[in-house]
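All remarks here apply to the structure that follows.
The values are calculated or read from the model by the stated rules, or taken from the named source; none is laboratory data. Predicted, not measured: the structure shown is a model, and the values here were computed from it. Here the Cβ positions follow ideal geometry from the backbone for every residue, glycine too, while neighbour counts run over all protein chains shown.
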Amino acid sequence: MSGGSQKGGWKSPTIREIAKLAGVGSASVDRVLNNRPGVKEKTRTRVLAALEKLNREKAGETGPLEILLFSESGESFNGAMALAAEQVNRTIPGVQVNGHFVITSEMDPLPFARKISEDGLRADGVILVAREHPAVNRAVRTLTSAGVPVVCMTSDLPSSRRSAYIGNDQSAAGCVAAQLVGQILPDNPSSILLVMSEAYRAQQERELGFRRVLRSEFPHLKIEERVISDDSPKTTKEQLLKYFETHDTPAAIYNVAGANRGVAEALTIRNVEHETIFVGHELTNKSVALLEARIMDYVISHDFASEMTASVQWIRDRLNGVDTSPQASQILVHTRYNCDL
C-alpha cells in the first residue's frame, strides 16, 4: 500500500505523505490502512480523506489550484480560519489554500489592500475576510476586473463587486441573538449593552437584526449604549471596566464583534459573570472555554470548514464556467452542552 507500483508507472501515496497531509503520525496511518484498532474516528476520517486527495492528485484527475486566503480579524477568528484552510488542504484534491492573516487592531488597510491586489493577481482565486474600507474595495475590483474570482466569507463587501459571498445571513444571526436574550431575561424592563469593533458589515447587520427583534417582540428590553472596541481582548476588557465604573451592570451583553475573552475578563473582575447574560459570536477554542466555564451563555456561529470548502468549490466552478448564487450558510447556536470543536 505504501509504495506499490500501479499501471502507467503511477505510485500510490506513501505512509509518510499521508501522515504529513493528515497531520498525524505514521503509526496512526498504518493502523488505519490496515484496519487495526486503537485509532480515534476523527483521526481515521482525516487519514482516509488525505489518502483520497493524494490518490486523485496522483492520478491526475484535477490540476493544481492556488487560492489565497486574506483574513483580517481577531486572533481567535484568524486561528479558526487557518484550521479551516488546513482541513480544505487535507481533503480537496488539487487545491492549496495559503493564508495571510492580520490582527484587526494592528492592521493598516493600505498595505493590506495592496497585498490583496498584488498577490491576488497571481492566484487562481481569493477568499477574503475583511472590514469595509475603500482601499480594500478597490483591491477587490482590481482582481475581479482581471478575472480572478473573489469570495467574501463571514462579512460581505457588496460595494467591492466581489464575485460571491458565502456565510451566514448576519441580520438573521442578530435576530437569533435577540430571541435568545429576550427569552432568558425576566419580563420586566432591563438594559442591554452592545459591544462592537470596526466597520465590518457583519457586525452592522447583526446589530440591525438584534434591534429589530427587540423592538417587535421584547420592547421592555432597551439597548442603553454601545461600547466600541478593536477586537483586542485587552482593549475590550479595559473599555468595559471603564463603562462599568459609571453605569450599572447590564442585564445582558451582546458582543457582535470579536474578543469574547475581553468581555469575559471584565465580567469576572466585576464578579458578575454568572449574573449578566453574555451572548457572542464565533465558536473557537476561546469561546468554547468560556461556555464550559459558564461565563458565556450562547455562542452563535457557523461551520468555518464547510464555508471554506464551499468557497473553494465555488471558485473552481467559476473557473470552469459555472456560475451559481450561494445560499446562506446555517446559523448554529452553541451552549456548554454542544460546544465540542
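Annotations for the structure displayed:
- Of all residue pairs spaced 6 or more apart or on separate chains, those with beta-carbon atoms under 6 Å, a first member in region 8-37 that is closer than 15 Å to Arg90 by Cα and a second member that is basic (Lys, Arg) and modelled with pLDDT under 80 are Ala22/Arg46.
- Looking at region 263-341, the strands (runs of 3 or more DSSP E) lying wholly inside it that each contain 2 or more residues that are surrounded by 19 or more Cβ atoms within 10 Å (Cβ to Cβ) sit at 277-281, 298-301.
- Strands (runs of 3 or more DSSP E) completely within region 85-178 that count 1 or more residues being surrounded by fewer than 19 Cβ atoms within 10 Å (Cβ to Cβ), modelled with pLDDT under 95 and of a type in the set (A, V, I, L, M): 95-103
- Matching residues, region 117-138, being in contact with a strand residue (DSSP E or B) (Cβ under 9 Å, 6 or more places away or on another chain), farther than 21 Å from Phe77 by Cα and aliphatic (A, V, I, L, M): Ala123
- Single residue of Arg226, Arg206 found to be of a type in the set (Lys, Arg) and modelled with pLDDT of 95 or more: Arg206
- For region 257-271, filtered to residues that are in contact (Cβ under 8 Å) with a residue 60 or more places away in the chain and aliphatic (A, V, I, L, M), the residue that is nearest to Ile228 (Cα to Cα) is Ala257.
- Residue in region 181-191 that is at negative phi, crowded, with 22+ Cβ neighbours inside 10 Å and assigned by TED's automatic domain parsing to the domain that holds Ala252 present: yes
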